Amino acid sequence: AKRFKELTLAQFWNKCRIFRAVPDFVAQFGINGDPEIQTNWDSKGTLLDDPVKASNVRGTVSFAKISSNSRTTQVFINLKDNDGLDGYDFTPIGEVVSGMTTVDRLFSGYGEVPRQASIKSEGNSYLDENFPKLSYIVEAALL
């Protein structure tokens, strides 16, 4: 959760697109729309996996990863109970305590089509040109 807090304080999430929204599974975000900012955060290295102490139930937030100990800035919100992810060490770091009706309305028409490599290299200009209907975070803050 420390990295999530650092990203929030740095205003990293502002204008981040929810680039992967798979109905009845997850909504994923966390590639900054400015490639320079993303590169800076990627250079900080990856996070080690934390032990799973809670299940990936609807509304929980977990860091995304491609292999063990590879978490960086991407997170997802579970749109349903995804306890099958627990065995792959996807550790919930928080939960949506209000607003899941908004999360349920995130645009999912592009599915998994946006290319993460293109988002990292071209930022929001790639997404705005090719995926203009994506939902995005206007501003995130700690309460």
Notebook entry, point to check: When the residues of the range 19-61 are filtered to those that are in a loop (DSSP other than H, G, I, E, B), over 14 Å from Ala1 (Cα atoms) and polar (S, T, N, Q), which remaining residue is nearest to the chain's Cα centre (by Cα)?
Noted result: Asn32
Notebook entry, point to check: Got a number for residues in the range 1-30 being surrounded by fewer than 16 Cβ atoms within 10 Å (Cβ to Cβ), among the small types (Gly, Ala, Ser) and in contact (Cβ under 8 Å) with a residue 40 or more places away in the chain?
Noted result: 1
Next item on the list: Determine whether the range 86-98 contains at least one residue that is in contact (Cβ under 8 Å) with a residue 40 or more places away in the chain, of a type outside the set (Asp, Glu) and under 20 Å from Asn14 (Cα atoms).
Entry: yes
Check: In this structure, does Asn56 turn out to be open to solvent by less than 30 Å² (accessible area, probe 1.4 Å), under 28 Å from Gly109 (Cβ atoms) and of a type outside the set (A, V, I, L, M, F, W, C)?
Finding: yes
Check: Among the residues of the range 62-85, which ones are in contact (Cβ under 8 Å) with a residue 60 or more places away in the chain and either surrounded by fewer than 16 Cβ atoms within 10 Å (Cβ to Cβ) or not in a loop (DSSP other than H, G, I, E, B) (or both)?
Finding: Phe63, Arg71, Val75
Checklist line | Residues located in the range 8-18, provided they are within 18 Å of Arg115 (Cα to Cα) and not in a loop (DSSP other than H, G, I, E, B) | finding: Arg17
Next item on the list: Run Glu129 past the list (1) more than 18 Å from Phe63 (Cα to Cα); (2) out of contact with any helix residue (DSSP H, G or I) (no Cβ under 8 Å at 6 or more places or on another chain); (3) in a helix (DSSP H, G or I); (4) open to solvent by less than 90 Å² (accessible area, probe 1.4 Å) and report the number of the one that doesn't hold.
Entry: (4)
Item checked: Scan of the range 86-102 for residues that are hydroxyl-bearing (Ser, Thr, Tyr), in a loop (DSSP other than H, G, I, E, B) and open to solvent by 40 Å² or more (accessible area, probe 1.4 Å), ordered by number -> Ser98
Margin query: Every residue in the range 103-126 that is in a helix (DSSP H, G or I) and open to solvent by 50 Å² or more (accessible area, probe 1.4 Å), please.
Written below: Asp104, Gln116, Ala117, Lys120, Ser121, Glu122, Ser125
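The values are calculated or read from the model by the stated rules, or taken from the named source; none is laboratory data. Since this is a predicted model, take the numbers as computed values, not measurements. Positions of Cβ are backbone-derived with ideal geometry, glycine not excepted, and every protein chain shown enters the neighbour counts. Side chains are part of the model used for accessible areas, which takes the heavy atoms of the whole protein and leaves out ligands, DNA and RNA. Shrake-Rupley method; radii C 1.70, N 1.55, O 1.52, S 1.80 Å.
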